[in-house]
Amino acid sequence: MATGIGDTPGPGAAVDYGVVPETTGGFAWARTGYRALAWVLLACIAIQVFLAGLAVVNGPANWGMHTGFVHLFELLPLAMIPLAFLGQLPNRLRWHQLVVFLLIGLQYALIYGFPGLVGISAVAALHPVNALLIFWVTLGMARGSSMKRSPAVAG
């Protein structure tokens, strides 16, 4: 347990994404919207992984659901960027959705190939590893935006 300034949390400790005082400005509706979209995005990623597993277990006929479902949420992180700024979320949260958007783009490159690396299965094998990274960053966004707000400090 951290006891003072400069203490570092132990392994498995939650990442501190900062606390936004309610009265620091920004729009509450933007923070609420960001929070809702972060959890929706996380659910979509979990469903996407489920659909990939379904295709692996039940046969390639199910890949269409996996490849089609991503189009329903792949731009969602971009919609979250203005909400993060309007809601005056901590800096650590303001750019995570851009990272997620870029990682989703990387998913396409990993599965369809980079120029000169087409057909290298080790590159394509990073596709599910990148999915884990997308899930992890999105979980941080959702949890960070859902942290209990502290009252503003007077003074």
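What follows is calculated from the coordinates using simple rules that are stated; it is not laboratory data. Note that the coordinates shown come from a computational prediction; the quantities given were computed from them, not determined experimentally. Neighbour counts run over all protein chains shown; Cβ positions are idealised from the backbone, glycine included.
Which length gain, in nm to one decimal place, applies between ALA43 and TRP29 when the Cα-Cα distance is subtracted from 0.36 nm times their residue separation?
2.9 nm
Could you check the spin-label model distance between PHE114 and ALA36? Points 7 Å from the Cα along Cα→Cβ, value in nm.
For the pair PHE114/ALA36, the computed spacing is 3.9 nm.
Going out from 0 in 5 Å bins, what whole percent of all Cα-Cα distances in the range 28-145 drops into each bin?
Result, from short to long distances: 2, 12, 20, 22, 17, 12, 8, 5, 2, 0 percent.
Along the Cα→Cβ direction, 7 angstrom out, place labels at GLN88 and LEU54. What is the inter-label distance in nm?
4.4 nm
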